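Report on the structure given below.
The values are calculated or read from the model by the stated rules, or taken from the named source; none is laboratory data. Computed from a prediction, not measured in an experiment: that's the story for all the values here. Glycine gets a Cβ as well: all are built from the backbone with ideal geometry, and neighbour counts include every protein chain shown. Please note that ligands, DNA and RNA were not included when accessible areas were found on the heavy atoms of the full protein model with its side chains. Shrake-Rupley method; radii C 1.70, N 1.55, O 1.52, S 1.80 Å.
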Amino acid sequence: MADTGPATDSSDYDVIIVGGGPAGLNAALILGRCRRRVLLCDSGKPRNAASRGVHGFLSRDGELPFELRRIAREQMARYPTVVLRDAEICEARRIDGGFEVATAEGRRFRSRKLLLATGVLDELPDIPGFQAFYGRGVYTCPYCDGWENRDRPIAVYGPGERCVGLALEMTIWSRDIILITNGPARLSPEDRKRLARRRIPIIETPVAALEGGDDGLEQVRFVDGTALPCAGLFLNLGEREGSRLIEMAGSELSDKATVETRSYERTEIPGLYVAGDASRRVQFAIVAAAEGAMAAFAINTELLKEDLAKEDRAAEEPPHGRSRETP
Ligand SMILES: Cc1cc2nc3c(=O)[nH]c(=O)nc-3n(C[C@H](O)[C@H](O)[C@H](O)COP(=O)(O)OP(=O)(O)OC[C@H]3O[C@@H](n4cnc5c(N)ncnc54)[C@H](O)[C@@H]3O)c2cc1C
């Protein structure tokens with residue numbers, strides 16, 4: 001059920017999910033089907049917002065990212081125990097028996113379990129055109145956008161050894177690859193040999209701007225005025241921004257701005273789960289959705305165990321209000 005307007009605060013959710021991308025939405029779907037009371041809060045800024053299509057997602061290959069979300073939210077309306085809220089969560093903390101989160105407007109919500117599916121955001125070079133052509137010629141993931149750029153002129157951007165791996169990987173999709181290091185290349189002689197063997201030239205001239213039109217990126221302009229035509233520019237700078245909520249809730253971010261989760265996306269904090277791009281491993285939309293489902297499975301099982309144990313304890317206690325007679 002979509003709930004974008006004001007509502008009474010409730011401290012009574014089984015699960016709060018922060019993040020309404022594939023990870024959070026799939027978790028909400030599974031938990032809704034388990035009749036769990038779920039609050040999902042989403043600030044509407046997915047990592048792939050600029051992308052022209054989600055690729056490699058079974059039955060949705062090439063779907064617009066926001067269309068994928070729209071369908072998921074529409075289908076969620078079948079499950080009355082799921083509340084979707086368009087809201088940014090600014091605080092998360094552990095409390096007795098669970099967690100409390102707060103929105104930017106100061107609304108507070110409580111739950112027994114907390115799932116953070118907040119994703120990550122890529123940091124792009126501060127050079128004109130990178131942001132403008134992000135998802136329209138500038139890409140971070142060859143599995144997501146390599147096929148669309150197959151057999152076309154490709155630029156790989158980055159100064160160090162990580163971009164060598166990416167340049168070599170891109171040979172799966174094209175043999176017309178140039179490495180742009182935007183200044184002196186920090187490459188070992190061995191790396192230079194590996195690139196030369198695959199006929200991958202290196203351009204060290206600093207980049208002035210990326211240029212193109214409505215259809216996307218067309219060329220890389222260098223500070224010396226020269227231009228390199230290219231259909232796609234791939235980069236892997238590894239610079240990402242994770243969510244502060246993860247640390248607020250007691251877990252730790254790795255240097256990749258993600259969390260090293262345990263089985264079923266558990267963290268070291270009891271009751272706290274992290275799924276999707278915010279946890280480690282392969283960062284694909286379908287993997288994020290699967291991680292959301294795994295977390296939901298584990299959360300539901302944990303809630304069930306807790307509830308059964310509580311019921312068993314209550315059944316074993318003497319009836320309330322009657323004291324036992326002693327002989
Ligand atoms: C340009 C680009 C193209 C891509 N193409 C593909 C592709 O073709 N195929 C593919 O499989 N993958 C692709 N990806 C990767 C894919 O986008 C991610 O793997 C996927 O979106 C991860 O899902 P998620 O649910 O973990 O996070 P996201 O989809 O990023 O969703 C996280 C959500 O959490 C919300 N959020 C964050 N913090 C808060 C907060 N404090 N309060 C409330 N809400 C919050 C955000 O607003 C966002 O809506 C691409 C990525 C990029 C950058």
Subset of region 188-208 that is of a type in the set (A, V, I, L, M) and buried (at least 16 other Cβ atoms within 10 Å of the Cβ) - its residue that is farthest from Met170 (Cα to Cα) | Ala208
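Residue under question is Leu29, and the condition is that it be more than 9 Å from the ligand (Cβ to nearest atom), touching a residue at least 12 places away in the same chain (Cβ under 8 Å) and under 30 Å from Gln131 (Cβ atoms); does it hold? Explain how you work it out, then say what you get.
Values: more than 9 Å from the ligand (Cβ to nearest atom): yes; touching a residue at least 12 places away in the same chain (Cβ under 8 Å): yes; under 30 Å from Gln131 (Cβ atoms): no.
So Leu29 fails the test.
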Tell me, yes or no, whether region 156-169 has at least one residue that is assigned to a loop (DSSP other than H, G, I, E, B) and either over 28 Å from Val120 (Cα atoms) or open to solvent by less than 10 Å² (accessible area, probe 1.4 Å) (or both).
-> yes
Filter result for Arg199 (free of Cβ contacts under 8 Å to residues at least 60 places away in the same chain and within 16 Å of the ligand (Cβ to nearest atom)) = no
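Could you pull out every one of the strands (runs of 3 or more DSSP E) wholly within region 222-327 that has 2 or more residues that are away from the ligand (no atom under 16 Å from the Cβ) and surrounded by fewer than 17 Cβ atoms within 10 Å (Cβ to Cβ)?
Working: elements: 227-229, 232-235, 272-274.
Per the criteria, 227-229.
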Would you call Ile17 buried (at least 24 other Cβ atoms within 10 Å of the Cβ), touching a residue at least 12 places away in the same chain (Cβ under 8 Å) and of a type outside the set (Asp, Glu)?
-> yes
Condition set in a strand (DSSP E or B) and near the ligand (Cβ under 9 Å from one of its atoms), scope region 41-73, selection farthest from Phe284 (Cα to Cα): answer is Cys41
Condition met for Gly119 (of a type in the set (Gly, Ala, Ser), more than 10 Å from the ligand (Cβ to nearest atom) and in a loop (DSSP other than H, G, I, E, B)) | no
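Looking only at region 74-89, which residues are part of a strand (DSSP E or B) and either open to solvent by 40 Å² or more (accessible area, probe 1.4 Å) or away from the ligand (no atom under 16 Å from the Cβ) (or both)?
Residues of region 74-89 part of a strand (DSSP E or B): 82-86, 89.
Selection gives Asp86 alone.
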Here the qualifying pairs (Cβ atoms under 9 Å; residues six or more apart or on different chains; first in region 208-234 and touching a residue at least 60 places away in the same chain (Cβ under 8 Å) and under 17 Å from Thr140 (Cα atoms); second in a strand (DSSP E or B) and of a type in the set (S, T, N, Q)) come out as Leu210/Gln219; Cys230/Gln219
Note down all Cβ pairs under 6 Å where the first residue falls in region 103-114 and is without any contact (Cβ under 8 Å) to a residue 12 or more places away in the chain, the second is open to solvent by 10 Å² or more (accessible area, probe 1.4 Å) and among the β-branched types (Val, Ile, Thr), and they're at least six residues apart or on different chains.
-> none
Can you tell me which residues in region 264-309 are without any contact (Cβ under 8 Å) to a residue 24 or more places away in the chain and under 19 Å from the mean Cα position of the chain (by Cα)?
-> Thr267, Ser279, Arg281, Val282, Val287
Would you confirm whether any residue within region 238-255 is in contact with a Gly (Cβ under 7 Å, 6 or more places away or on another chain) and touching a residue at least 24 places away in the same chain (Cβ under 8 Å)?
-> no
